[in-house]
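The values are calculated or read from the model by the stated rules, or taken from the named source; none is laboratory data. Since this is a predicted model, take the numbers as computed values, not measurements. Cβ sites come from the backbone with ideal geometry, for glycine too, and all protein chains shown count toward neighbours. Heads up: the accessible areas ignore ligands, DNA and RNA and are worked out on the full protein's heavy atoms, side chains in. Shrake-Rupley method; radii C 1.70, N 1.55, O 1.52, S 1.80 Å.
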Amino acid sequence: MPKRLRRQRPESFSFWDFPALLQFLDSLDVKRSHAPALLRTLAHKLVTAGGAADCDTWEELGVTDQTLLDLGLPRKACELLTRTKPFSSRLGTAMTSADQSTCKMVLDLWDGHKVESVIMRHEDRTTICVSSQVGCQMGCTFCATGTLPMVGDLDPGEIVEQLLLAQRLEFQKGLAPVRNCVFMGMGEPLNNYDSVVAAVRSMTDLGQLGGYALPQSRVTISTVGVVPRMKQLVRDLPGLSLALSLHAPTQELREKIVPSAKHVSMEDLLSAMDLHLEQKTARAMIE
């Protein structure tokens, strides 16, 4: 499996990175049990408050020290509001199609790199397509991202922010909330396994995101076939849907368009998919 790279983080962190938030609360000697209510309350304010789509300060959302005190947090926890922002990324552009069915967002990350997310509006549902990496190592010939250099992984908060930004944009337009998520944007999700799993757990946790959380069965991870991680997903996220980007009927043809296929047989891929089908709680699809 290709080596997973890491980008260097500055002192601040994404508020929506749940593992990082817990560590920060620990550093302040604030009980971790405060975290879910804190996240749930601020998620609601972030989605429903007016102002710019990618607001820069908590104060713009009406979040003050008193907000945290009213939740029962100690005053020392208010340092969170100076160490974090509602979004660690900035909305570079948001381009809506002529028929209003899609909105392509380009996000400027804290280190100057860019990733894309797409809101897809259907009659009965709205879906967000999220990115998990800056660039991709897999080199698939049919994928635009495969031609880009590999820069590194997104952290859990940068992934969750894509969902919350979409929820905010849809709310501001008076449209239905996002209820589905597909990891089919930039990057191979299973090469950024820990961050993707942490992000999915936050995105599907009513305790953290309240009414803006998604059912786990409505989250789909698409992969070109990182077999060990495909098997691990069965244990870590048993209700998740998995889509395998096969793109070829034979091993020989697949190796020509998916370089990583030279190290993974079709039999191993299908065996890993069978594990997901056996769960019965999740969908397993071949693309």
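Conditions tested, residue by residue: (1) among the aliphatic types (A, V, I, L, M); (2) surrounded by fewer than 19 Cβ atoms within 10 Å (Cβ to Cβ); (3) touching a helix residue (DSSP H, G or I) at 6+ places or on another chain (Cβ under 7 Å).
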position: LEU169; (1), (2), (3): yes, no, no
position: GLN172; (1), (2), (3): no, yes, no
position: LEU175; (1), (2), (3): yes, yes, no
position: ASN180; (1), (2), (3): no, yes, yes
position: PRO189; (1), (2), (3): no, no, yes
position: ASN192; (1), (2), (3): no, no, no
position: ASP205; (1), (2), (3): no, yes, no
position: LEU209; (1), (2), (3): yes, no, yes
position: THR220; (1), (2), (3): no, no, no
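No other residue among GLY72, GLY51, GLY62 is within 22 Å of LEU107 (Cβ to Cβ) and open to solvent by 10 Å² or more (accessible area, probe 1.4 Å) apart from GLY51. Identify the residue in segment 247-287 that is among the hydroxyl-bearing types (Ser, Thr, Tyr) and in a helix (DSSP H, G or I) and, among all such residues, is farthest from the chain's Cα centre (by Cα). Only one residue tops the list, namely SER271. Could you please find all residues in segment 73-102 being under 27 Å from PHE13 (Cβ atoms) and among the hydrophobic types (A, V, I, L, M, F, W, C)? LEU73, ALA77, CYS78, LEU80, LEU81, PHE87, LEU91, ALA94, listed by residue number.
Looking at segment 228-244, is at least one residue on the phi < 0 side of the Ramachandran plot, hydroxyl-bearing (Ser, Thr, Tyr) and outside any loop (DSSP other than H, G, I, E, B)? Yes, segment 228-244 has at least one match. Scanning segment 139-157 finds one or more residues that are at pLDDT 90 or above, assigned to a helix (DSSP H, G or I) and closer than 27 Å to ARG40 by Cβ.
Select from segment 85-102 the residues that are polar (S, T, N, Q) and open to solvent by less than 100 Å² (accessible area, probe 1.4 Å) and write down the one among them that is nearest to LEU42 (Cα to Cα).
SER88
Against the condition over 14 Å from the mean Cα position of the chain (by Cα) and part of a loop (DSSP other than H, G, I, E, B), how does LEU214 come out, does it pass? No.
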